[in-house]
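Encoded as structure tokens, the structure appears first; notes follow it.
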Amino acid sequence: MTVFLGDAIDYCAFPNECVEGVEEVSDIKLYGNHEACVLGMIDEEYFTDTAKQSLKWTKKTLCSSSIKTISSWELTNKNLYGSWETVFSHSSYSSPDSWEYIFGQKEAKKEFEKTSKESPGLVFIGHTHSPAVYLLDSSGCHSVPCTKSQLEIDLKPGLRYIVNVGSSGQPRDGIYMPSYAVLDTEKNSVFLGRFDYDAETASKEILNRGLPKNLALRILTGT
Ligand SMILES: [Fe+2]
């Protein structure tokens, strides 16, 4: 089963194709803040100047069937996978439609505090564009270093986890390769991985569309 955690559009030269691709390969689809803006749920003022320029182009470029498709995506999704009650959310799980960022251990600690002990043991998020893992045990909230391009974490029953899968469209952790996460319910583990792609062509296509230059540059360096 494949889960998409939101923000398929607004960073790239092919928004319609991205929406179509997500729809084709994903069983669960969430909308992120960029889809929410296109759907009129949040104001453009929330975004940076670069994102505002990109949003203007994306809104003009998206066809009606893409709009219809993203309007069918969910804000969050909750289910049981193996022994893990699991939640998927683009941003914070405690307040998914306020689009709060969980940038580090401080925000993760607050997120654990805001959600009760009965809350799901496993939460998958994105939004910051950087892979990260936080866990809560009896001694408090801990951050698991995610500096390597691949990482496998054994999930321990009774602990709670927030897994940020990073970004497939615009990584910002210094590695240009798209990131993803795999939950293995038999091994009780989460694998964070990367894959290679033709970032140079993707970058050139962004420039060809007249989109902001820094969108084209940052995907080459993952910054
Ligand atoms: Fe986002």
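The values are calculated or read from the model by the stated rules, or taken from the named source; none is laboratory data. As the structure is a computational prediction, the values presented were derived from the model and not from experiment. Don't worry about glycine lacking a Cβ; one is built from the backbone with ideal geometry, like all the others, and counts go over all protein chains shown.
So, Ile125, is that one touching a helix residue (DSSP H, G or I) at 6+ places or on another chain (Cβ under 6 Å) and within 16 Å of the ligand (Cβ to nearest atom) or not?
no
Have a look at Lys187, Lys148, Lys204 and point out the one that is at pLDDT 95 or above and in a loop (DSSP other than H, G, I, E, B).
Within the list Lys187, Lys148, Lys204, the selection yields Lys187.
List every residue pair whose Cβ atoms lie under 9 Å apart, where the two residues are 6 or more positions apart in sequence or sit on different chains, the first residue falls within the range 24-40 and is in a loop (DSSP other than H, G, I, E, B), and the second residue, located anywhere, is away from the ligand (no atom under 16 Å from the Cβ).
Sorted first by the residue in the range 24-40, then by its partner, the pairs are Ser26/Met1; Ser26/Thr2; Asp27/Met1; Asp27/Thr2; Tyr31/Ser71; Leu39/Ile67; Leu39/Ser71.
Kindly establish whether Phe124 is surrounded by 14 or more Cβ atoms within 10 Å (Cβ to Cβ), at pLDDT below 95, of a type outside the set (Val, Ile, Thr) and out of contact with any Asp or Glu (no Cβ under 7 Å at 6 or more places or on another chain).
No, not satisfied.
Here is a yes/no grid of residues against (1) of a type in the set (A, V, I, L, M); (2) closer than 23 Å to Ser119 by Cβ; (3) under 13 Å from the mean Cα position of the chain (by Cα):
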| site | (1), (2), (3) |
| --- | --- |
| Lys156 | no, yes, no |
| Gly174 | no, no, no |
| Val182 | yes, yes, no |
| Glu186 | no, no, no |
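If Ser92 satisfies every condition in (1) within 24 Å of Pro145 (Cβ to Cβ); (2) assigned to a helix (DSSP H, G or I); (3) among the polar types (S, T, N, Q) but one, which is the exception?
Condition (2) is where Ser92 drops out.
Quick check on the range 115-129: of everything there that is touching a Phe, Trp or Tyr at 6+ places or on another chain (Cβ under 8 Å) and in a loop (DSSP other than H, G, I, E, B), which residue is nearest to Asn33 (Cα to Cα)?
Among residues in the range 115-129 that are touching a Phe, Trp or Tyr at 6+ places or on another chain (Cβ under 8 Å) and in a loop (DSSP other than H, G, I, E, B), the one nearest to Asn33 (Cα to Cα) is His127.
Of the residues Ser92, Ser65, only one is within 16 Å of the ligand (Cβ to nearest atom), among the small types (Gly, Ala, Ser) and either in contact with an Asp or Glu (Cβ under 9 Å, 6 or more places away or on another chain) or closer than 26 Å to Leu211 by Cα (or both); which?
Exactly one residue qualifies, and that residue is Ser92.
Out of the residues in the range 25-54 that are more than 18 Å from the chain's Cα centre (by Cα) and more than 16 Å from the ligand (Cβ to nearest atom), which is nearest to Leu211 (Cα to Cα)?
Gln53
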